[in-house]
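*Asks:* Take this structure, written in structure tokens, and hold onto it; I'll ask about it next.
The values are calculated or read from the model by the stated rules, or taken from the named source; none is laboratory data. Keep in mind that what you see is a predicted model, and the values were worked out from it rather than measured. Glycine gets a Cβ as well: all are built from the backbone with ideal geometry, and neighbour counts include every protein chain shown. Note: areas computed on protein heavy atoms with side chains; ligands, DNA, RNA excluded. Shrake-Rupley method; radii C 1.70, N 1.55, O 1.52, S 1.80 Å.
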Amino acid sequence: MRLREVLGLRWSQVNIKLGVIKLSAEDTMTEEPRTVFLTSRVREALDGQPRHIKSDWVFTNPETEEAWKDIRKVFRRACKAVKLTGVWFHDLRRSFVTNARRRGVPESVVMRMSGHRTRAVFDRYNIVEEDDLRDAVKRIEAGIAKNSGGSGQDLDKVKGG
């Protein structure tokens, strides 16, 4: 989720039991509604999040009882506590996109999950490194080894040009 989507999150949008967050069109940058499915880790974190009687906001500033507007200082302190340097909140989106793709989630699904409408924007978030290229070759070779002797044609054995 984008920072604005997180900070504007209301308990009325969250169903911890079903593990979903429902974002309406006005809650998203793309102005398209989106369902966010939660990992067990996020469900646990949300379940432990204190709820304020007077507020529907999930992340409530205790001084104002309103949604947090600016979390830069809080985020820096959290990063410092776990010895992370040079990390911005927005980096988490880029990491999600890259890690989901590396774990084999189809790119079209990652785009829907992250709310990226265009391939060009998705490609800016999807980091491809040499290890990814190396892993791709290993997967190709594993597929050739698995399929040799099968009914498919191994192009390495095709003669002629």
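*Asks:* P(r) of the range 72-114 in 10 Å steps, Cα pairs, percent per bin?
*Replies:* In whole percents, the pair-distance histogram is 27, 38, 27, 8.
*Asks:* Using a 1.4 Å probe on the protein heavy atoms, what percent of the accessible area of the chain belongs to carbon and sulfur?
*Replies:* Within the chain, the accessible surface is 55 percent carbon and sulfur.
*Asks:* On to the next question. Calculate, in whole percent, how much of the Cα-Cα pair population of the range 1-65 lies beyond 18 Å.
*Replies:* Looking at the range 1-65, the distances longer than 18 Å represent 35 percent of pairs.
*Asks:* Could you size up the charge dipole of the chain around its Cα centre, putting +1 on the beta carbon of Lys and Arg and -1 on that of Asp and Glu, and report it in debye to the nearest 20?
*Replies:* 260 debye
*Asks:* Charges on Cβ only, +1 for Lys and Arg, -1 for Asp and Glu, centred on the Cα centroid of the chain; of GLY48, VAL58, ASN126, which one is farthest towards the dipole's positive end?
*Replies:* GLY48
*Asks:* Here's something else I'd like to know. Taking the solvent-accessible surface of protein heavy atoms with a 1.4 Å probe, what is the per residue accessible area of the range 1-147 in Å²?
*Replies:* So the range 1-147 comes to 73 Å² accessible per residue, rounded to a whole number.
*Asks:* With θ set to phi - 60° and the Karplus curve 6.51 cos²θ - 1.76 cosθ + 1.60, what are the ³J(HN,Hα) couplings of the range 132-144 in order, to the nearest whole Hz, using x for Gly and Pro?
*Replies:* Couplings: 5, 5, 4, 5, 4, 5, 4, 5, 4, 5, 5, x, 5 Hz.
*Asks:* For the chain, what does -39500 (n - 2.57) per DSSP helix run (n ≥ 4), summed and divided by total residues, give at 222 nm, in deg cm²/dmol to the nearest 500?
*Replies:* About -12500 deg cm²/dmol.
*Asks:* Ratio of Rg to Rh for the chain, alpha carbon only, Kirkwood?
*Replies:* Ratio of gyration radius to Kirkwood radius: 1.12.
*Asks:* Using only the alpha-carbon atoms of the range 58-134 as identical scatterers, what base-10 log of I(q)/I(0) does the Debye formula give at q = 0.14, 0.18, 0.22 Å⁻¹?
*Replies:* Per q value, in the given order, log10 I(q)/I(0) is -0.64, -0.88, -1.01.
*Asks:* Another question about this same structure. DSSP loop (so not H, G, I, E, B), at most 14 other Cβ within 10 Å: list which GluC sites (Glu not before Pro) in the range 91-136 pass both filters.
*Replies:* GLU129
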